[in-house]
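The values are calculated or read from the model by the stated rules, or taken from the named source; none is laboratory data. As the structure is a prediction and not an experimental result, all values here were calculated from the model. Cβ placement follows ideal geometry from the backbone for every residue including glycine, while neighbour counts extend to all protein chains displayed. Surface accessibility is based on the protein's heavy atoms, side chains included, excluding ligands, DNA and RNA. Shrake-Rupley method; radii C 1.70, N 1.55, O 1.52, S 1.80 Å.
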Amino acid sequence: MFFLEWTKIVDEYKMSMKEKYIQHKHDHFLLGQEASLADLYTEPDIIQKSINGGFRKISVKEMFRLNNPKTVTLQGNPGSGKSFLAQKIMLDWASGEHYLIFDLVFYLKYEELMCISEEINVSELLSWSSNLPSNLISEMIFQSSCNMLFLIDGFDEHRLMCYDYCLLHYSMKAPPDVIVCALLRKEIHCRSSLLVMTRTKVKQGTVFKRSLQSPYHIKIMGFSEKKIEEYFQKFFQDEEIFRKAYESVKSNETLLTACSVPVICWMICTVIKERVNDDANLTRVLETTTSIYVDFLSTVLEHHCQGLNESVPNLLRSLGQLAERGMLEQQVLFDEKTINETVQDPVNNPFLNKFLLEKRIQQETMFRFIHLSFQEFFTALYFVLLDEDESQKKVRELLHTVARGWALSCWSVAKFSNRDLELRNSKQLQSVILFLCGLCKNEMIDSIFKKHNVTVSINIKTQLKEWIHQCLLRYQHKNMMFILRCLYALHEKSFIGKVLGDLVQIDLSKTPLNKTDCWVLWFCLQCCEGIRNLRLNVTSDHLKILQPALCSCEELWLMVDDFSEDVETFLLALGERNILNQLIVKMGEKRSQSYSEIIASVKDGDLTLSVSCCKRNPRLSESPQVLSELTFTCSRSEISSCRNLLQTLQTLPSFGGSGEGVLVETVTVTNALQSLSGLKKVHLEVDKWTDEWISVICSLIQTCPSLNKLKINTRLSFIPLLVTLKESLRLKGWTMTVCRKSMLIERVKKRDRKSLTDEEPKTKERENEDESLDSVSCVPLGAKSSSTAQTCLEDADVFTPKYIDQDETKGTNTHRFVSPHAGQFQCSLTNLVFVMEVKGEVLYKIVPWDPRLLDGLGQMQPAGPLYNIDCFKGSISQLHLPHCEILSEKSKDSLAVAHFSDGNVEILQSIKVSSTHVIINITEFSLFGLIKKKIFPVSSVYAQVLLFLRPKSFAQKQKILNVHLLPGNVPLSEVQSQHQEKTYIETSSICHLIPGKEYKLCCHPEECEVQPPDEVFDCNFGPNFHTTFEVFLNVSIDEVRLGLLDSNNKGKEVWKQRRVLLSAPAQGVEPPVGRRFTESEFLDKHRDQLIQRVTSVMEIADCLMSKYMITSEMYKKVHSAEPRQEKMRIVFDVLDSGGSAVKSEFWRLLKEKEPHLVDELESELSNAKENIKDEKR
């Protein structure tokens, strides 16, 4: 009886859903347009990430095809069609077309759930959403055989405060947040399936942390070009109008790319429909997303706002005020009271949607913007409609909120109670910044605001540009794509070129780029001379957009779904002497693909190409694959032949296979290699040695006259000695060395053949060996190197280098040393030792470690500074790099040297590790740095305690002593160069510390304050040497006693207490003369411009107040003065009376807060100086 009753109710529920969505006008169609969901729906492209980092396209129906419960998170940018897709799933289920495995489907809009203030149980919540009886829902939940699907739309609105709240029974009452969390964790009805739609990826470690099954993460990419055409056809219906509209958009590549976002595609169609009879340019000059929104706004104001009871300026301000309120309060639904407080005629307003929200007793009238992106757009528009000071204040708060969210994302949840709330708020406000950047263009103002006599403020442009530049320096690794979107929205080519010009690498490999992202990246790359290293995750279809710009990079890393013609184009570019000199291509998950990775690089006219085959699943095969990797070197001019070789490997049915395909594979690979007339080196990685490889070796040696090196490594078996083959090779002028699983065959040079015995070739050839295919060595080093390694360090002459390039802003020094003769020379500042073969000049400096430099090297970490060394080739034969290890037999083996050159990294094994230095032989010069294997246990290292006393201003009531804990091989001169304004206090600084351990600084007298109380010691090798401890002392104290304790070892003293005399500059001591003159000249020269253009006046005043450089009375005057220019005039009064120390600090703060303004004014000053010099000449 229950079953029949339930079936009847469910059928009625399906019928109501079907009627709702068949007759449903989509939210966007409120401008007099009729279109049902079924008529207009166009399925967007959806991709799923594979285990190896690649991706594959899937359809919506594939997500729940199998009859097993699963959780799917659907991530997509705003306007990508997530809600539209969820509504279509509801319609298809109700119509009986798809998703028939589900007995019930519930559509939960999170924005509406947030309107429920009281606590309810699961049945009541689902009844509220579907109008089904709650008692029958309870019965179905209790029956585990019922198969249900929950569609949760707008998960970004989740407050994320209820992860630890457990719902013990479905009848328990709780807030809607808690109930949704319980559904996601499968605490209620574990057989249910879920589709969670969100803007940002939901981390498994948060809401899913108790779930037994990990969620499937998929991403909605928007419309492909084919889908855009399909959408246009459905929208216009009339074939003639459709064809005219689509062709006009297709002719504008920028606009066609923008249409890949469904909501923008609808907007463009709407605008075209209004203008199709006007004989006007249907698409105008639309370059950015903001320009499309402004054009849409202009069209709606022109055709649908004549009957409104308020002026356009008032309409825009009221909508902007409402939008800002919603963004700040994280609210997307507005009740009638809130709407009536701001908007005069909300019912007829074309940018607002009116709907009825179900309540327990009655329905409530609610409003929302026609799309969330319009709420973001009107918020940005509101900011530029305000007066100048208010506009800059609100923009400053907005930028601070977003930047703080990025900073908090780097910290754990435990450190900040409101972290998740601030992160969510930061993410939601990012789109407002994009619209603000777009509204800064003068063309935006001319297109609409002047037409309707709307006054706008565009002085926020400088604020935005400075913020973007700062974020690029701090947050580029996680937010690079957003920063590029901001630059594209500004559309100022000179600024983009300046900002991106100093970047070494752009890494966008974590997330696949959609078509819009590719267009943004292409535009930005066009504006700068070239990025040295670019890493992208992109489909082969979208790669076509980027192709013209990518060849200007030196190194290119691609994650693609297929080896397409565009990838081949980049390979051919390596042979055309373009800028591109290294190409790395990783293939996505595709069954027809034979290889998984291709690495190609060019050096000294030679091309090295490495191909890794796809690894087969050992469970699906009886025997291992034969050839796993092929690497070869040939002349750069043979790049076309290399491409043909790759195509040959691609067609092999057994490349990386086994069994009967072994012989076919080896023969085909051999023939392909023999087609390269300039083949020089070959390296084969195989799983198992077989006799077929002997014929490969003989065939290559016989038919390739330019071949001089052949190497074979095996993974599963040892290589036999093969005495007969070795003797045969010797008679032909080759040497063969076998070491366990590695075989190296080299050609003996003609000039050495007569003088070498059977055993001598190994040593001599090693001396003259060109760059090896890898860093593995199978024979010992030569006698010359061994004897040199025994030379005592005490024999080195100590020298003090000269500075030729000292950058005070970056704290870096370039050292110069000229050796008068051959010998050993030790630098007194860095402890580097150079073994010079001849008289010569050496230039060297410390450069920052980039963590990505060690990618692919396994468990390695920096163990010393990274040195950039330059001199004539052959001048230096050995380099001694100082280390800080307390040596033992194990720690000796843990050290190595990384050599970075032309984007490649080589691990150099030391010839000796002394108690102070790691010694290596070198022939080429670039970047050298000590590295250490992480697999070894953490042990003590030599460390140093460095003390710096801060300068004291006239009003300062405390002395501040900075204490630095640093590894022993960090040069003191580098730390001093970053803290030139402080006084270095010399003391006995050496101690033994353990990286990762906490230490405590003790100080006497006891009234001294130390912060923080404890701190972890990290091996910091730059580029920034931040303070570890701060000691606050009474200004009258001239001597303290300092010591360092181990916090975790019963307070053991690791740096014994000692007297420290505080010798500091007297009050009023001026900065260095040269610098004082420059700052004073700058401030005097640009006084008028600074008064008019400095926007961060109060921020600078706050900093001066915190340093006691401005009196309370003057600070109050600055705070109360209006407008901003008057504040700045008062600040200049402070500077004039405060002396050089205050001017120096103001100049430093100005460079920090408004670097672009300072750069611009400094360039004017330098040009003026040059003109004066020219006149004197």
Under the 7 Å Cα-to-Cβ spin-label approximation, Arg740 and Ile907 lie apart by a distance in nanometres of 1.3 nm
Show me 378-384, 740-746, 468-474 ranked by packing, highest mean number of other Cβ atoms within 10 Å first. 378-384, 740-746, 468-474
Computed lengthening from Met172 to Lys226, 0.36 nm per intervening residue step minus Cα-Cα distance: 14.5 nm
So, counting K/R as plus one and D/E as minus one, what does the shell of residues with Cβ under 15 Å around Ser675 add up to? +1
Length released on extending from Leu716 to Lys354, taking residue separation times 0.36 nm less the Cα-Cα span: 123.4 nm
Quote the FRET efficiency, to the nearest 0.05, computed for Gln980 versus Glu12 with a Förster distance R0 of 60 Å and r equal to the Cβ-Cβ distance. 0.15
Give me the one-decimal nm value for the distance between modelled label points at Glu118 and Val72, 7 Å along each residue's Cα-to-Cβ direction. 3.6 nm
Here FRET efficiency (C-beta to C-beta, Val667 to Lys61, R₀ 56 Å, nearest 0.05) is 0.80
Per-residue HN-Hα couplings for segment 1050-1060, Karplus 6.51 cos²θ - 1.76 cosθ + 1.60 at θ = phi - 60°, whole Hz, x for Gly and Pro? 6, x, 4, 7, 9, 9, 4, 4, 8, 6, 10
Given the Cα-Cα distance of Ala1121 and Glu19 and 0.36 nm per residue of separation, how much length would full extension add, in nm? 390.4 nm
If R₀ is 51 angstrom, what is the calculated FRET efficiency for the pair Gln1092 and His217, using the beta carbon separation as r and rounding to 0.05? 0.50
Checked segment 938-1067 with the C-alpha gyration tensor, a ≥ b ≥ c its square-rooted eigenvalues, rounded below a/c of 1.5, otherwise prolate if a/b is larger than b/c and oblate if not; verdict oblate
A 1.4 Å probe over the protein heavy atoms gives segment 898-991 a carbon and sulfur accessible-area percentage of 51 percent
Compute the distance in nm between two label points, each set 7 Å from the Cα along the Cα-to-Cβ direction, one at Gln526 and one at Ser1106. 4.3 nm
Any idea which of Gln976, Gly996, Leu1033 is furthest toward the positive side of the dipole for segment 966-1065, if Lys and Arg beta-carbons carry +1 and Asp and Glu beta-carbons -1? Gly996
Per residue solvent-accessible surface (Å²) - segment 944-1013, probe of 1.4 Å: 42 Å²
